[in-house]
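The values are calculated or read from the model by the stated rules, or taken from the named source; none is laboratory data. Note that the structure is a prediction, hence the values are computed from the model and not measured. Cβ placement follows ideal geometry from the backbone for every residue including glycine, while neighbour counts extend to all protein chains displayed. For accessibility, only protein heavy atoms count, side chains too; no ligands or nucleic acids. Shrake-Rupley method; radii C 1.70, N 1.55, O 1.52, S 1.80 Å.
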Amino acid sequence: MRRMYMAGVATGFLNGLLGAGGGMVMLLFLKRGTDLPAHKAHATSLAIMLPLSVLSACVYAGSTQISWQTALWLCLGGMAGGFAGARLLKRVKPRYLGKVLGAVLIFSAVRMVLG
């Protein structure tokens, strides 16, 4: 129970500070720290990120740091992509989920380092 709480703290901290990364930490914890099968770990990670993201957005909402027009369009596109991705998750073999996530992480890291 304590390990799950601490994984939640780390996830929320990264999500609030960086706006990203929390879901990846949670997914790694769920895949390594629990006995959940891969598909259930991915879906559980997504379910956890919703309230964390809403809370983080509420903290920023009182300031001028959110571009609401940009957020609206990204949310609409994100919902369409999220729906498609969730449907696809059911069809992807578990051994490929980690490989796809790893490739996305490497691509993102290279882009962040190179600017």
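Observations
- Rotationally averaged projected area of the chain (alpha carbon convex hull; nm²): 8.3 nm²
- Sequence-distant contacts, meaning Cα pairs under 8 Å at least 6 residues apart, place the relative contact order of the chain at 19 percent.
- Relative contact order of segment 1-40, defined on C-alpha pairs under 8 angstrom at six or more residues apart (%): 28 percent
- Each stretch of four or more DSSP H residues adds -39500 (n - 2.57); spread over every residue of the chain, this sum gives -28500 deg cm²/dmol at 222 nm.
- For the peptides 37-46, 62-71, 3-12, 84-93, the ranking by packing is 37-46, 3-12, 84-93, 62-71, with the highest mean count of neighbouring Cβ atoms within 10 Å listed first.
- For segment 57-115, the equivalent ellipsoid derived from the Cα gyration tensor has semi-axes of 28, 19, 10 Å, listed largest first.
- Karplus-derived 3J(HN,Hα), 6.51/-1.76/1.60, for each residue of segment 69-75, Hz, glycine and proline x: 5, 4, 4, 4, 5, 5, 5
- Carbon + sulfur, % of accessible area of the chain - ligands and nucleic acids excluded, 1.4 Å: 72 percent
- Here the spin labels are modelled as points 7 Å beyond Cα on the Cα-Cβ line, and at MET4 and ALA71 they lie 3.0 nm apart.
- At 1.567 mPa s and 4 °C, Stokes D of segment 6-66 from Kirkwood alpha-carbon radius, µm² per second: 109 µm²/s
- Using a probe of 1.4 angstrom and keeping all protein chains present, the accessible surface of the chain works out to 76 square angstrom per residue.
- Inter-centroid distance (Cα atoms) of segment 78-111 relative to segment 4-18, Å: 21 Å
- 17 Å cut-off, amide nitrogen to a point 7 angstrom out along SER63 Cα→Cβ, residues in segment 1-20: 13-20
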